[in-house]
Structures are given as structure tokens and as C-alpha cells.
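A short write-up of the structure that comes next.
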Amino acid sequence: MRPVWKLFSSVKLAIALIILITLASILGTLIPQGRSAAEYAARYGGLAGLFGSLQLVRLYQSGWYLTLLLLFALNIAVCTATRLGAKWRRAFGPAAATDAQALALLKTKSKFRLALPLAPARERVAGPLRSRGYRVTEAAPSKGGLAMLARKKRLGWFGSDVVHLGLLVILAGGFTSGLGGRRADLALLEGQTADVPRAAFQVRLDKFETEFYPQGGVKDWKSTVTVVEAGTPVLTRVVEVNHPLSYRGFSFYQSRAGWNWDASRVELLIKKTADPSFSKAVSLKAGEKVPVDDPDVGHVAVLRFVPDFVIGEGTKAQSRSQEPNNPAALVEAWKGEERVFSGWVFAKYPDFGQGHGAAKSPVSFVLRNYAAAPFSVLEAAKDPGANLIWLGCLLVTAGLFLAFYWPPREIRVVL
């Protein structure tokens, strides 16, 4: 038992645990937490599986990270318990029966003579000390006379212990959040309502705005959100970056934004091989088939639209991201029952792959425009340990104040 106690009271162990927890937390900051497997695969490729196996994508709920926090908490508790008894006796214990020879060995000392009997001399010394806030206790040395101990600002001895207590409370908050916290992404189009996981209310996106810098970069996202409880709107707030909405223990953060490409609308130009001057525009949604009043083309359909076209595993077309970096539409055209065109049409490369799979097609297409409704992604987070973490921060601050700005004072006197 003693070796275990000695191990957990070691400062070296504390330093090693702090380094490991810091490095792990850096990984948790660099690697987005709680995203979908597809997003990790698109972002990290073959490393996505390794990150999942090591629980780096849910780091703060992982068993090994919580084990590090538990070991650090035990280390702090043992260190505090080892030193607390001696500090308590020094701060609040009775005066020790010391003598003048022992005081003469101290670094800071003074000696003076009072032409008074012992009792009046005692009051002559103790009175000024008490008037300056010292608490005076007495003891009788074995060689006679009187030993006095004057102390003030005694809580200053416990500054490091209050810091340790604050760290333990913060760790308790981390455990509470790690085991009981919940986070979920809610992707909402304007006017759409979504259930909040494990909550008895919903949120509705009333309006979504994107603000841009003059150079064209995104400056801010703003989501006007209404909380709906039992079918009744109860609260409306604007959620933006660093300005979350809080309701019933949940906080809603503006996480990111995107476009609903599955319901995108594209504008195509129909060209004829036999007539270069011919050009006809048609607008339709992805997955829609529309008639065309032309003898060479009866119907046109956009089977699929992807914003960032790439050939993935199994030679299947997929989108590399949600950004329109390489927009493409899978288009088919019919003349009666005969399919006269089938292939991908690229906005940035209009001549690439035209009519692939349909030899000598009489028509070609140009992807002239595309649009999709923007959606807002709100992160719904419930952090049951947040109040404990704030309390721990206050305790750490109080402990640092005691340690650095409330130094204890102690004066020993032998009459």
C-alpha cells in the first residue's frame, strides 16, 4: 500500500500526466469531434479508420482519456492529503512549547528587554499584535517563562490546496460532461423544424443569412432560430458564431453551413450538332424530367447533381466536398422512347465527356447555372459538467490569490 501511496504522491507522475493530457487534448482540438464516418473518410482518407479505432473522433468520451483524468485526480488528491495535516496544524494548532535558544536559530529574529513582570510584559507584547490582526496563542516552556505564537492570514498556507480542490472539481466536471454530455448536429433548411435529441422540444430555422467580406470570403453566419415546445413557439434568438442560444440545459452553436445539393436546380443549354446556332435553355430540379418542345428532343432529365465531382472507389461518381469546386450533372435526353443522350455535363469543362455512352448524339448540353437552398448546421450540446467546471475555475483563481497575494505571517515570542 505504501508504494502505491508514494507513487500517487509523486510530482513526477503529475508532470507526466499533465503532458499526456495536454497532448491528447491537442489532438481533440485538431481532429473534429463527433462527425459522420463519411466526413472523416473524405477528410482523412485511410487514416479515418485508425482515428476511429483509437477513439480520437470521440476523444473526450473515450475510456483511455477518462482514465488519464482519473489518474490525475487521484494524484492531486493524494498529494493534497499528504501535506494537508501538517499545514492545518501549523495554521490552527496550538503554540509549541519552544525556548529562546530555538528562536535564536531562526533567520529573522530580534531581542529586546522589558522592565516589567511577566504578566504585564505578556499584555505589552500581545496587545499590539492583536491590534494588527494577529491571533495569539500561548504555551509554557519547560524551562519556565512564556512562549507566544502570533499568526494572521493563515489561509495563505492553503492556497495550493484550494488550487488542487479547484482542479478536482474541474476534473469532476469533465467526467460528468464526458459520461453524460450529448452533442448532435442539426442541419436545417429555412422553415424546417427538427427534434432535439433526448429533449422535449424542437428548434425551427426561420431565416439563414451569410455575411461576406468585401473580398468575397465568409464573414459570419446568422441563423434566426425559434424554440418550439408542445407545438408552441416559446423563444426566438439569432444564433451566430460565438453567440449561442441556451435553453433548458442545451446550448445551440452555429457550427457550419452548406447547400442542399440533393434538391438543387440546374439550368441547361441544349445544343444541336446539326445546327450550331440552335440554343435552348431548360431549367429543372435534380431528379426531375421535363418535356422539351423540339422534334429532336422530347424529354430531358437530370438524374443527379454533385457539387465537387470525383471518381471514388469502384469507379463511382461522388462528391469530394460540399463546395461547388467541380459541379457536374448527370443528364439524359429522349426522343420518344429512344435515349439520345446520356452523360455527365461539367460546368467548368463543357466539352468533357459529352454524350458518353450514346454514340453520335444529335444534341449536347451546357451546364450554365446551378443553385441550391442553403442550410444551417446547429450543434446542440448538453454539458452537465459546465457548472462544475466554472466552480472549479473560481476555486483555482481563489487558490492562486491566496498563494500569491495573501501571504501568511507568523511571529514567535519567548518571554
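The values are calculated or read from the model by the stated rules, or taken from the named source; none is laboratory data. What you are looking at is a predicted structure, and each value in this text was computed from that prediction instead of being measured. Because the Cβ atoms are built from the backbone with ideal geometry, glycine has one as well, and the counts that use them run over all protein chains shown. Side chains included, ligands, DNA and RNA excluded: accessible areas come from the protein's heavy atoms. Shrake-Rupley method; radii C 1.70, N 1.55, O 1.52, S 1.80 Å.
Scanning the stretch 186-214 for residues being over 21 Å from Gly34 (Cβ atoms), in a strand (DSSP E or B), among the acidic types (Asp, Glu) and open to solvent by 70 Å² or more (accessible area, probe 1.4 Å) gives a total of 1.
Taking Leu74 as the residue in question, decide whether it is touching a Leu at 6+ places or on another chain (Cβ under 7 Å) and either farther than 30 Å from Leu149 by Cβ or surrounded by 14 or more Cβ atoms within 10 Å (Cβ to Cβ) (or both). Criteria not met by Leu74. Where strands (runs of 3 or more DSSP E) fall entirely within the stretch 251-319, those with at least 1 residues that are surrounded by fewer than 13 Cβ atoms within 10 Å (Cβ to Cβ) are at 279-285, 289-291, 309-311.
Consider Gly127 carefully, then state whether it is in contact with a helix residue (DSSP H, G or I) (Cβ under 9 Å, 6 or more places away or on another chain) and not in a strand (DSSP E or B). In short, no.
Which one is surrounded by the fewest Cβ atoms within 10 Å (Cβ to Cβ) among residues in the stretch 227-244 that are of a type in the set (Val, Ile, Thr) and more than 19 Å from Lys382 (Cβ to Cβ)? Out of the qualifying residues, it is Thr232.
Evaluation of Lys111 against the conditions (1) basic (Lys, Arg); (2) without any contact (Cβ under 8 Å) to a residue 12 or more places away in the chain; (3) assigned to a helix (DSSP H, G or I) shows that the sole unmet condition is (3). Is one or more of the residues making up the stretch 96-116 among the small types (Gly, Ala, Ser), farther than 30 Å from Thr210 by Cα and touching a helix residue (DSSP H, G or I) at 6+ places or on another chain (Cβ under 8 Å)? There is no residue in the stretch 96-116 that is among the small types (Gly, Ala, Ser), farther than 30 Å from Thr210 by Cα and touching a helix residue (DSSP H, G or I) at 6+ places or on another chain (Cβ under 8 Å). Here Gln322 passes the criteria (1) open to solvent by 60 Å² or more (accessible area, probe 1.4 Å); (2) farther than 15 Å from Asn260 by Cα except the one numbered (2).
Among the residues of the stretch 330-351, is any open to solvent by less than 50 Å² (accessible area, probe 1.4 Å) and either among the acidic types (Asp, Glu) or in contact with a helix residue (DSSP H, G or I) (Cβ under 9 Å, 6 or more places away or on another chain) (or both)? Checking the stretch 330-351: at least one residue is open to solvent by less than 50 Å² (accessible area, probe 1.4 Å) and either among the acidic types (Asp, Glu) or in contact with a helix residue (DSSP H, G or I) (Cβ under 9 Å, 6 or more places away or on another chain) (or both). When you look at Arg151, is it at pLDDT below 90 and part of a strand (DSSP E or B), yes or no? It is false that Arg151 is at pLDDT below 90 and part of a strand (DSSP E or B).
Taking the stretch 369-393 as the range and being closer than 30 Å to Pro307 by Cβ and either aliphatic (A, V, I, L, M) or buried (at least 16 other Cβ atoms within 10 Å of the Cβ) (or both) as the test, the residues that pass are Tyr370, Ala371, Ala372, Ala373, Phe375, Ser376, Val377, Leu378, Glu379, Ala380, Ala381.
Comparison of Arg154, Arg183, Arg122, Arg135 shows that the only residue that is touching a helix residue (DSSP H, G or I) at 6+ places or on another chain (Cβ under 8 Å), surrounded by 14 or more Cβ atoms within 10 Å (Cβ to Cβ) and charged (D, E, K, R) is Arg154.
When the criteria are applied in full, Arg90 fails the requirement of being part of a loop (DSSP other than H, G, I, E, B), more than 20 Å from Leu171 (Cα to Cα) and touching a residue at least 12 places away in the same chain (Cβ under 8 Å). In the stretch 276-296 there is no residue that is in contact (Cβ under 8 Å) with a residue 60 or more places away in the chain and basic (Lys, Arg).
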